[in-house]
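Visitor: Supplied in structure tokens, the structure appears directly below.
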Amino acid sequence: MPLPPGLKDSFNKGKSWIKELQRQANPNIVIALAGNKVDLEAQREVETEEAESYAQETGLSFYETSAKLGTNVKEIFIELGERWGALSFFSPLSRRRPS
């Protein structure tokens with residue numbers, strides 16, 4: 001089965017988007033990096049170590065995922081929810097009461 005061209009390009013574009021988010025978004029933004037298509041190991045263009053290193057350097061969570069197989073899909077969303085929930089608990093916005 002042919003792979004879509006440029007998975008390494010997607011990784012590099014993602015790095016640009018993350019940099020932009022970290023520059024412009026709320027400083028408490030919660031971001032996770034998903035290395036998708038782990039089920040296509042033979043066509044891998046980005047090594048796990050490279051993605052893990054980038055995620056660690058930039059404070060992101062990192063999961064290798066497969067949407068096709070469901071690998072780590074639920075886990076990444078659970079972690080994002082937990083991290084967001086922990087941050088929002090301490091946020092002044094979370095203490096607002098309905099008017």
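Every number in this text was worked out from the coordinates using simple rules, so none of it is lab data. Computed from a predicted structure; not experimentally measured. Every residue, glycine among them, receives a Cβ derived from its backbone with ideal geometry; neighbour counts consider all protein chains shown.
Visitor: Once amide H atoms are placed 1.01 Å from N in the peptide plane, what residues at a sequence separation of 5 or more from I31, or on another chain, have their amide H within under 5 Å of its amide H?
Guide: HN-HN under 5 Å from I31: S61.
Visitor: Sticking with the crude label model, points 7 Å out along Cα→Cβ, report the distance from E75 to Q43 in nm, one decimal please.
Guide: 2.3
Visitor: For segment 7-88, what does the equivalent ellipsoid look like in terms of its semi-axes, each the square root of 5 times an eigenvalue of the Cα gyration tensor, given largest first in whole Å? Please report the intermediate quantities before stating the final value.
Guide: Values: eigenvalues 98, 55, 18 Å².
Working from the Cα gyration tensor, I get semi-axes of 22, 17, 9 Å.
Visitor: Could you name the aspartates and glutamates whose alpha carbon sits less than 17 Å from that of K8, not counting residues in the same chain fewer than 8 places away?
Guide: Within the straight-line cut-off, K8 pairs with D39, E41, E45, E47, E49, E50, E52, E64.
Visitor: For T65, enumerate residues with amide H under 5 Å from its amide H, sequence gap 5+ or separate chain, H modeled in the peptide plane.
Guide: The list, which skips near neighbours in sequence, is G35, N36, K37, V38.
Visitor: Which net charge results when you count Lys and Arg as +1 and Asp and Glu as -1 among the other residues whose beta-carbon is under 13 Å from that of A51? Before the final figure, lay out each step's value.
Guide: Values: positive: K8, K15, K37, R44; negative: E45, E47, E49, E50, E52, E57, E64.
So the environment of A51 carries a net charge of -3.
Visitor: Below 21 Å, Cα to Cα, which lysines can K15 reach? Residues fewer than 8 away in the same chain don't count.
Guide: The qualifying lysines are K37.
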